[in-house]
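See structure below.
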Amino acid sequence: MSIRLAGAAIFLIAAFYAWTAQNYTASFGDVLGPSVFPVLVGIPAMALALSLVVFPGGTVAWPAGGRILRQVIALAMLIAYALLLKPLGFPLATFGVIAGVAIVLGGPVATSLIIAATGALSLWGLFDRGLGLPLDFLGPVFGG
Amino acid sequence: METLTLLGNGFSVAFQPLHLGLLLFGCFAGTLIGAMPGLGPVNGVAILIPLTFAFGFDATASLILLSAVYFGCMYGGRISSILLNIPGDEPAVMTTLDGYPMAQQGHAANALAISGVASFIGATVAIIGLTLFAPLLARAAIYFGPADYFALYVMAFATIGGLSGVDPRKTLLSALIGLMIATIGLDPGTGIPRYTGGSFHLYDGIDPIVALVGLFAISELLFLLERAIKDRDTAIRLTTWIPDVRVVVGTLWATLRGSVVGFVAGVLPGAGASLGAVMSYSIEKQVSNKNGTFGKGDPRGVAAPEAGNNAASAGALIPMLSLGVPGSGTTAVMLAMLISLNVQPGPLLFERQPDLVWGLVASLYMANVMLLILNLPLIGLFTRLMAIPTWALMPLVVAISFVGVFSISNSTFDLQVMIAFGVLGYVLRKMDITLVPLVLGLLLGADMENNLRRALSISGGDYGVLISSWISFGLYLATAGFLALSVWLAIRDKRRVAAAAADPID
């Protein structure tokens, strides 16, 4: 069922992709222009995706509810990291993501916190001090 | 003779202190990455690429480092195969078949030594092959016109799934998804934005490096979270580190056979190290399994696949360097790095940047010797480091991936793109859709489109130009033959599975 659904989703995306390509026109440039290649890619993709809907190959074993929850929590932390990196500054945000992911993976809390603190500070030291890549120590949230 | 002179120059490049240091570090780090279950050559190399940018290395230094890591992974993968019965990376799967039984019978030291020596011989045979054949292939590829390159790319996409028996539709679809992603951004020919949704962030297109780190590192984390939380399986303890030399010497023929088979598998498009190991093992089994000892701890069953996967990984560099079309996942990732550093692999690379090519080849000879030296006496150190639990390792890998990607552009938008690709990679892998064709499409899409448009500009819009030369015609013919073969294999496997399911004995 998952394969059929994914096939349908890919079919729709490929159809939209090939359809949109027709709008890309230029009055100058080469013979083919910007629209032909996407159409050449989109149409076989539609055909293959459709064949997966009609004759799905293989099955997918999705993880149980608890595991999906862990994945969602981890993903939420990663996204939070992307959003909070600048406001919080590098070391604090990185501390959070390392500790969080370690705990979700089943690490003992205290050890995870120690690893996160060491990891975040050494990465900051290596990149900001060592390689001259500016990473804010404290973000604007702290007036830094 | 000319080759020897060039190789000599290559050694003088490789002996520069920075390159030597990187080589040593790469070999050590690679062995470790390979030995850790869950991290393999593809994710190891993908995570390291942004770091090489951050360190400001040039193309030669970066390529030397990444190749050392790549080769190191091939050595390291066997350690956990033998001691834990868990392959450290995919190509090491075959090594578990006889390696773990050997360790259980108390011959772990022998198994490790055999696999180390086999890795060395396999890689050396393949690097000699690389030295001899890559320049020849590059010389032939000079005659390729735009239409021929287009045909070559079509062949690369159609064949990258290899003869693995995986549903060929999924492999092709993966390549097409990659090509679709590659067209995002400003069209190089006309400057028209395509599929950007009006976002300026996407005008430059998706950075392949950002996508790669997401596809391989983040999706690996999601896979890890899916598995049960449990303590690391305990490794078999070694009573001695000193192997029995006679047993090691006894596997010499198996090693040599495995090396040749693996090398051929590596050069073929779309095969790579995993297939090299599988083919070497099955051929060795047919040749030597007279007493039914394979699978029960036969030393030759350790030697052949290890020689095979190392030979294949060096062989896979040949199409990557001389044609610009990688033969495996890891070489595809290395291609991404070269393209990001404005180095276009292909036939002209050998003429324009002999230092890079021959410096790399010379480094590979040296890496191999270093790896053998590192791996035999330091095996105890690697097994101890291997015991670092995943919950401690993986978060650090994630943080390093983040900081590496962030360092490329200083943009948190790239971090979001990376996470999105991680989810995409996870979902596709769950559906048995391999990511390698997608990566290849993402990398080569722009070049493929350019060659198509150039060919048709030359011909004035006549599509006949695509099959007008013998080279392109031959390539399409080979592609069609390959696809037919893989469809046939997939159908045969399906029948076999159905027959096994109907069989009440199992």
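The values are calculated or read from the model by the stated rules, or taken from the named source; none is laboratory data. Values in this document were obtained by computation on a predicted structure and should not be read as measured data. Cβ atoms come from the backbone with ideal geometry, glycine included; neighbour counts cover every protein chain shown.
A:Val72 falls short on exactly one of the conditions (1) under 19 Å from A:Met1 (Cα atoms); (2) more than 9 Å from chain B (Cβ to nearest Cβ); (3) out of contact with any helix residue (DSSP H, G or I) (no Cβ under 6 Å at 6 or more places or on another chain); (4) not basic (Lys, Arg), and that condition is (1). Scanning segment A:1-27 for residues that are in a loop (DSSP other than H, G, I, E, B) and more than 7 Å from every other protein chain (Cβ to nearest Cβ) yields a total of 5. For segment B:171-190, give me each residue that is modelled with pLDDT under 90, within 7 Å of chain A (Cβ to nearest Cβ) and assigned to a helix (DSSP H, G or I). Of everything in segment B:171-190, just one residue is modelled with pLDDT under 90, within 7 Å of chain A (Cβ to nearest Cβ) and assigned to a helix (DSSP H, G or I), namely B:Leu172. Of all residues in segment A:31-45, those that are within 7 Å of chain B (Cβ to nearest Cβ) have Cβ atoms under 7 Å from Cβ atoms of residues that are assigned to a helix (DSSP H, G or I) and surrounded by fewer than 20 Cβ atoms within 10 Å (Cβ to Cβ), 6 or more apart or on another chain, in A:Val31/B:Ser457.
Of all residues in segment A:97-120, how many are of a type outside the set (Val, Ile, Thr) and surrounded by fewer than 15 Cβ atoms within 10 Å (Cβ to Cβ)?
Of the residues in segment A:97-120, 2 are of a type outside the set (Val, Ile, Thr) and surrounded by fewer than 15 Cβ atoms within 10 Å (Cβ to Cβ).
Against the condition more than 20 Å from the chain's Cα centre (by Cα), aromatic (Phe, Trp, Tyr) and surrounded by fewer than 19 Cβ atoms within 10 Å (Cβ to Cβ), how does B:Phe413 come out, does it pass? In short, yes. For segment B:191-220, the set of residues classified as more than 13 Å from every other protein chain (Cβ to nearest Cβ), of a type in the set (Ser, Thr, Tyr) and not in a loop (DSSP other than H, G, I, E, B) is empty. Meeting the requirement of 2 or more residues that are facing another protein chain (nearest Cβ under 9 Å) and touching a residue at least 12 places away in the same chain (Cβ under 8 Å), the helices (runs of 4 or more DSSP H) wholly within segment B:396-506 are B:412-430, B:436-459. Considering segment B:1-99, the qualifying helices (runs of 4 or more DSSP H), each wholly inside and each with 2 or more residues that are over 14 Å from the mean Cα position of the chain (by Cα) and over 19 Å from B:Ala217 (Cβ atoms), run over B:2-14, B:17-35, B:59-84.
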